[in-house]
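Structure, as structure tokens:
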Amino acid sequence: MKKVVILLVLATLFAGGVFGQSSMSAGGGLLFDMSFGNGHSYEFGDESGGVGRNNTVIGAFGFFDFTYAVIDLSFGYGMITNFTKYKGPQESFEETYDGDSMLQLGIGILGKYPISIGSFTLFPMLGINYNIALSYVYEDGSNYNEQDDVNKVSAAEDLSQFGILAGVGFDFPLSNAMYLRAEALFNLRFPGKYWSDIAKEESDNTKATLGVGPRIKVGIGFNL
């Protein structure tokens, strides 16, 4: 929770710094987010492999826009694909299984630079995001928080991650007060506590891996 508080304080200060010099709008819509590859990998001689989770999210988002900065809040349902990879001198394989799910809350701060092009506005974007795992449910219906003794974790929050977002968006006016907003971003997520702890406990040959994937958003904004 300390990370969430820090990010919210930064968002408030960031917004306050630009509010007096820019217009403001707000809105919301739907998002599609994918993160591939988070987990840990290992290499021992001529053997290598790893385990991890791919997270495909469908959800909703809201935003506050201050011309050169955006505060972004989102809520999503993540469909999890777990994977195991192995490559050795005699055989190689990759196994996956679906069925797990995760509810998550996102908080982001992004800078943007609007460029007017005819009737619409294009803007490059760059910022940070904190993806907070609210709950993790296994395929059999059991909750991650009920598995503490087995997985040696404290709560679903151990799956939360910081990330970097970069990409482009555009606004298309629908009226004087309303506009269509779309964003296409690249999402880089750093290892969460869960994977980092496993990598530290395994050996020096094991390391936590990054998650990468697209983040697509479409919504409606209103000038305030």
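Kindly indicate whether any position in the range 73-84 is of a type in the set (F, W, Y) and either more than 17 Å from M34 (Cα to Cα) or not in a strand (DSSP E or B) (or both). Looking for residues that are of a type in the set (F, W, Y) and either more than 17 Å from M34 (Cα to Cα) or not in a strand (DSSP E or B) (or both), one finds none in the range 73-84, hence no.
Residue check: is K193 at pLDDT below 95, of a type in the set (K, R) and surrounded by 14 or more Cβ atoms within 10 Å (Cβ to Cβ)? Yes.
Here S25, S35 are screened, and the one residue that is among the small types (G, A, S), at pLDDT 90 or above and over 28 Å from N82 (Cβ atoms) is S25. Considering only the range 170-188, I want to know if a residue exists there that is in a helix (DSSP H, G or I), surrounded by 14 or more Cβ atoms within 10 Å (Cβ to Cβ) and out of contact with any Pro (no Cβ under 9 Å at 6 or more places or on another chain). No, the range 170-188 has no match at all. Are any of the residues in the range 39-60 more than 27 Å from E139 (Cβ to Cβ) and at pLDDT 95 or above? No, the range 39-60 contains no residue that is more than 27 Å from E139 (Cβ to Cβ) and at pLDDT 95 or above. Scan the range 51-68 for residues that are in a strand (DSSP E or B) and surrounded by 20 or more Cβ atoms within 10 Å (Cβ to Cβ) and report the count. Of the residues in the range 51-68, 8 are in a strand (DSSP E or B) and surrounded by 20 or more Cβ atoms within 10 Å (Cβ to Cβ).
Return the residues of the range 196-220 that are among the polar types (S, T, N, Q) and either touching a Pro at 6+ places or on another chain (Cβ under 6 Å) or surrounded by 15 or more Cβ atoms within 10 Å (Cβ to Cβ) (or both); say none if nothing qualifies. Within the range 196-220, S196, T206, T209 meet the criteria. Number of residues in the range 117-126 that are assigned to a strand (DSSP E or B) and at pLDDT below 95: the value is 2. Please indicate, with yes or no, whether at least one residue in the range 197-205 is touching a residue at least 60 places away in the same chain (Cβ under 8 Å), assigned to a strand (DSSP E or B), on the phi < 0 side of the Ramachandran plot and among the polar types (S, T, N, Q). Scanning the range 197-205 turns up no residue that is touching a residue at least 60 places away in the same chain (Cβ under 8 Å), assigned to a strand (DSSP E or B), on the phi < 0 side of the Ramachandran plot and among the polar types (S, T, N, Q).
The values are calculated or read from the model by the stated rules, or taken from the named source; none is laboratory data. Keep in mind that this is a model prediction, so the values were computed, not measured. Every residue, glycine as well, gets a Cβ built from its backbone with ideal geometry; the counts of neighbours run over all protein chains shown.
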